[in-house]
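Trainee: Let me begin by handing over the structure; questions about it come next.
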Amino acid sequence: MLFSPKYHHEIKNDVKTLPKNIKERIRKAIEDRLILNPLKFGEPLRYSLKGYRKLRVGDFRIIYKIEKKFVVILKIGHRKEVYKKLGRS
């Protein structure tokens, strides 16, 4: 089953400052892994972020949740900061 990606409105701000090669890797990960099988490739998060999942792309993380036929991408960022920023938004 193919999932459709939905992007949170702040994703543009998340990727705006990323280097071009990282943007390409993230785009490829979303197209090749995330929308094909988000349960297989992503890992569930715990504690206050329970219900969300993460996809690892090098040192960057794509935080998302699954809603019916959609993968809702909530945050993209470096592993050191993405969880803190997600908790604040």
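Trainee: Any residue at all in the stretch 43-53 that is touching a helix residue (DSSP H, G or I) at 6+ places or on another chain (Cβ under 9 Å) and part of a loop (DSSP other than H, G, I, E, B)?
Mentor: So the first thing to find is which residues in the stretch 43-53 are touching a helix residue (DSSP H, G or I) at 6+ places or on another chain (Cβ under 9 Å), and the list is 45, 48-49, 52-53.
Right, trim to part of a loop (DSSP other than H, G, I, E, B) and you get 45, 52.
For the stretch 43-53, residues touching a helix residue (DSSP H, G or I) at 6+ places or on another chain (Cβ under 9 Å) and part of a loop (DSSP other than H, G, I, E, B): present.
Trainee: Looking at (1) open to solvent by 90 Å² or more (accessible area, probe 1.4 Å); (2) under 11 Å from the mean Cα position of the chain (by Cα), which one does Lys16 not meet, given that it meets all the others?
Mentor: Evaluating Lys16 over (1) open to solvent by 90 Å² or more (accessible area, probe 1.4 Å); (2) under 11 Å from the mean Cα position of the chain (by Cα) leaves (2) as the failure.
Trainee: Got a number for residues in the stretch 42-63 being surrounded by 17 or more Cβ atoms within 10 Å (Cβ to Cβ) and out of contact with any Pro (no Cβ under 7 Å at 6 or more places or on another chain)?
Mentor: Summing the residues that are surrounded by 17 or more Cβ atoms within 10 Å (Cβ to Cβ) and out of contact with any Pro (no Cβ under 7 Å at 6 or more places or on another chain) in the stretch 42-63 gives 10.
Trainee: Just the residues that are assigned to a strand (DSSP E or B), among the basic types (Lys, Arg) and out of contact with any strand residue (DSSP E or B) (no Cβ under 7 Å at 6 or more places or on another chain), please, taken from the stretch 54-78.
Mentor: The one that is assigned to a strand (DSSP E or B), among the basic types (Lys, Arg) and out of contact with any strand residue (DSSP E or B) (no Cβ under 7 Å at 6 or more places or on another chain): Arg56.
Trainee: Please verify whether Leu36 is open to solvent by less than 60 Å² (accessible area, probe 1.4 Å), of a type outside the set (Phe, Trp, Tyr) and part of a loop (DSSP other than H, G, I, E, B), treating the condition exactly as stated.
Mentor: When the stated conditions are applied, Leu36 does not pass them.
Trainee: Looking only at residues in the stretch 31-89 that are among the β-branched types (Val, Ile, Thr) and in contact with a Ser or Thr (Cβ under 9 Å, 6 or more places away or on another chain), which one is farthest from Met1 (Cα to Cα)?
Mentor: So, considering only residues that are among the β-branched types (Val, Ile, Thr) and in contact with a Ser or Thr (Cβ under 9 Å, 6 or more places away or on another chain), the one farthest from Met1 (Cα to Cα) is Val71.
The values are calculated or read from the model by the stated rules, or taken from the named source; none is laboratory data. This structure is a prediction, so every number in the text was calculated from the model and none was measured. Backbone-built Cβ (ideal geometry, glycine too); neighbour counts: all protein chains shown. For accessibility, only protein heavy atoms count, side chains too; no ligands or nucleic acids. Shrake-Rupley method; radii C 1.70, N 1.55, O 1.52, S 1.80 Å.
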